[in-house]
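Everything below concerns the one structure shown next.
The values are calculated or read from the model by the stated rules, or taken from the named source; none is laboratory data. In this text the structure is predicted, and so the values were computed from the model without any measurement. Reconstructed Cβ throughout: ideal geometry from the backbone, glycine too, with neighbour counts over all protein chains shown. For the accessible areas, the whole protein counts, side chains as well, though only heavy atoms, and no ligand, DNA or RNA atoms are used. Shrake-Rupley method; radii C 1.70, N 1.55, O 1.52, S 1.80 Å.
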Amino acid sequence: FVCKYSGLRKNDQNAIPLYESVIIQGKPLFVGYHPITNSLDVRPTITDVFSNYKLSPYVERSHTPYEFRSLEELKEYMAWAKKKKLGELWCNVYYWVNQCYNTDNKYELGLITSLIIYSYFADAFGITPYLFLHGESTTGKGPILKIMELLGYRFSGMSLGSAASVYRLLGDVEA
């Protein structure tokens, strides 16, 4: 099962650059957005052109895929999201981080906000930061993980994670 796929005709400028697993009307599907034509492509499966694997959309395990009641709801959401600016996004995320994490340290709030927003754009950078929280009980590690899980893109928190558990979480096919 694949959460996100970006390998379909990488050298073709007319190809959709990225597909995301979503749930529409209760069905797991891949949805891709074509920025030039401003259109969506919905597929039940994708066949990888390089390995000839038939890929299926991700079904809930470590996180819940985005879910929409209909394709029309997804289109409305896309239209709404295109109007948002980064500054507005920052203020909204910072507000919720501040509500859920009890601290006066604006640097901690800023770091958490930055990591949440960054999670949506990590593919563009090709690097993923990991936040390791360490502290005694009741020092706020749990609320940080929870707000990141709720607001971030495919966040998953773990405690005492091994290499094997990270492998199971990420999957064995990076498409």
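Of note:
- Positions within the stretch 46-105 being over 20 Å from Tyr153 (Cβ atoms), open to solvent by less than 80 Å² (accessible area, probe 1.4 Å) and part of a loop (DSSP other than H, G, I, E, B), in sequence order: Asp48, Ser51, Ser56, Ser70, Thr103, Asn105
- Note on the stretch 36-45: residues that are open to solvent by less than 80 Å² (accessible area, probe 1.4 Å) and in a loop (DSSP other than H, G, I, E, B) total 1.
- Members of the stretch 77-104 found to be farther than 19 Å from Phe121 by Cβ and within 19 Å of the chain's Cα centre (by Cα), listed by number: Ala79
- Of the numbered criteria (1) within 19 Å of Ala79 (Cα to Cα); (2) in contact (Cβ under 8 Å) with a residue 60 or more places away in the chain, the one Thr37 fails is (2).
- Residue pairs meeting the criteria (Cβ under 8 Å; at least 6 apart or on separate chains; first modelled with pLDDT under 75, in the stretch 149-171; second among the acidic types (Asp, Glu)): Ser156/Glu149; Gly157/Glu149
- Counted residues, the stretch 106-124 - those being assigned to a helix (DSSP H, G or I), at pLDDT below 90 and surrounded by 10 or more Cβ atoms within 10 Å (Cβ to Cβ): 3
- Taking residues in the stretch 117-135 that are free of Cβ contacts under 8 Å to residues at least 12 places away in the same chain, and partners anywhere that are surrounded by 12 or more Cβ atoms within 10 Å (Cβ to Cβ), the pairs with Cβ atoms closer than 7 Å and at least 6 places apart or on different chains are Thr128/Ala122; Gly135/Lys141.
- Selection count, the stretch 58-101, where residues are under 25 Å from Tyr5 (Cα atoms) and among the β-branched types (Val, Ile, Thr): 2
- Condition met for Thr128 (open to solvent by 70 Å² or more (accessible area, probe 1.4 Å), assigned to a loop (DSSP other than H, G, I, E, B) and touching a helix residue (DSSP H, G or I) at 6+ places or on another chain (Cβ under 7 Å)): yes
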